[in-house]
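Engineer: Take this structure, written in structure tokens, and hold onto it; I'll ask about it next.
Values in this text are rule-based calculations from the coordinates and carry no lab data. A quick note: this is a predicted structure, and the numbers were derived from the prediction, not measured. Quick reminder, even Gly has a Cβ in these numbers, built from the backbone with ideal geometry, and neighbours come from all protein chains shown.
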Amino acid sequence: MINAEAVIFYIFVLFVLGGGFFAIFSEQNKNAVTSAFICFFSVGMLMFSLELPFLAVSQILIAAVGLTFLFLMFLILTENKNKTAEKPSSFVRNVISLAVVFLLVVLIAIFIKYGSFSYEGINLNCVMPSTKDISTEMFINYGIPFLFIGLILTSALIGAGVLMSDIKNGKRGNS
Amino acid sequence: MEGFLHIGLYHFMTIAIILFAMGILGLVISKNLLKILISVEIMFCGITLNLAALSVYCDITHFEGGMLALSIIMLASLLVAIGLVIALNIYKFKGTTDIDDIGELKG
């Protein structure tokens with residue numbers, strides 16, 4: 001019996017895999033960015049279907065919208081001179097890479113299906129954490145890792161600003 | 001047929017593996033820096049989805065995998081932001097984002 005949950009799941013899976021496929025194999029960069037946005041957004045919707053709304057919203061806001069904006073800014077800044085930069089890659093190289101990756105997928109799938117991975121401990125009826133629980137957990141038990149990530153992000157922001165200001169001021173020559 | 005209709009951990013892990021493999025494939029065959037960064041981000045999406053599914057199916061509190069996935073989302077965005085700045089620098093100095101053209105050594 002087909003249920004709505006399975007239909008919605010497979011629709012989003014179609015968007016995830018299709019978006020990822022076209023993001024890699026599309027010829028034009030703008031199509032690749034659009035396909036990547038569809039892929040990231042659909043991954044966020046799959047997280048919604050897993051009943052993880054906080055993680056799904058983070059995935060959609062940060063990964064889908066934010067990164068797509070960054071990619072589009074990069075395209076706007078590099079579009080004028082870079083229209084002919086994309087070269088067709090070797091057919092044999094593509095076929096060998098595809099075969100190796102397909103073999104890897106098959107091996108990992110066989111391991112998960114028949115290996116030592118145990119499905120014991122699955123608990124779908126657990127209590128969902130509220131926003132207060134997540135914030136309490138984030139700032140008490142995971143305070144130091146998030147502080148570390150915040151420091152890295154701040155240093156990356158400062159470094160990116162310094163690099164861009166050097167480019168604008170012409171301090172870095174054509175070496 | 002029943003296995004396809006009852007969505008479980010195996011389905012989410014399969015999608016995550018395929019996404020990760022797609023990212024590896026994109027890393028291998030792409031010659032454009034932008035597509036390489038998109039491929040890395042697709043790999044991170046697969047890892048995040050895997051952690052989210054494991055946290056739902058194997059963790060009572062949903063905290064461990066969720067927090068780790070949130071950290072990975074932040075670090076992936078950081079990686080892409082820095083990578084795009086580096087790619088923009090390369091484009092300003094070399095005039096291209098093709099890795100075959102920018103990989104040539106001097107001398």
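Engineer: Listed highest first by mean packing, meaning other Cβ atoms within 10 Å per residue, what order do A:97-106, A:20-29, B:46-55, A:149-158 come in?
Structural biologist: B:46-55, A:20-29, A:97-106, A:149-158
Engineer: How high is the relative contact order of chain B, given as a whole-number percent (alpha carbon pairs under 8 Å, six or more residues apart)?
Structural biologist: Once divided by the residue count of chain B, the mean separation gives 26 percent.
Engineer: Which of the three applies to segment A:1-61, rounded, prolate or oblate, going by the alpha-carbon gyration tensor with a ≥ b ≥ c and a/c under 1.5 meaning rounded?
Structural biologist: oblate
Engineer: A further question follows. How would segment B:9-94 be classified by its alpha-carbon gyration tensor: rounded, prolate or oblate, with rounded meaning a/c under 1.5 and the a/b versus b/c comparison settling the rest?
Structural biologist: Cα axes put segment B:9-94 in the oblate bin.
Engineer: Further, regarding this structure: To the nearest whole number, what is the average tally of beta carbon atoms from other chains within 10 Å of the beta carbons of peptide A:34-42?
Structural biologist: 3
Engineer: Additional query: Using the Karplus equation 6.51 cos²θ - 1.76 cosθ + 1.60 (θ = phi - 60°), what ³J(HN,Hα) coupling, rounded to whole Hz, does each residue of segment A:26-42 give in order, writing x for Gly and Pro?
Structural biologist: 6, 6, 9, 5, 5, 5, 5, 5, 5, 5, 5, 4, 4, 5, 5, 5, 5
Engineer: Sort B:K35, B:K94, A:K132 so that the residue with the fewest other Cβ atoms within 10 Å of its own Cβ comes first and the one with the most comes last.
Structural biologist: A:K132, B:K94, B:K35
Engineer: Would you tell me the mean number of C-beta atoms belonging to other protein chains that fall within 10 Å of each C-beta in A:49-59, as a whole number?
Structural biologist: 5
Engineer: Another question, then. Applying 1/(1 + (r/R0)^6) with R0 = 30 Å to the Cβ-Cβ distance of A:I144 and A:V100, what FRET efficiency is obtained, to the nearest 0.05?
Structural biologist: 0.15
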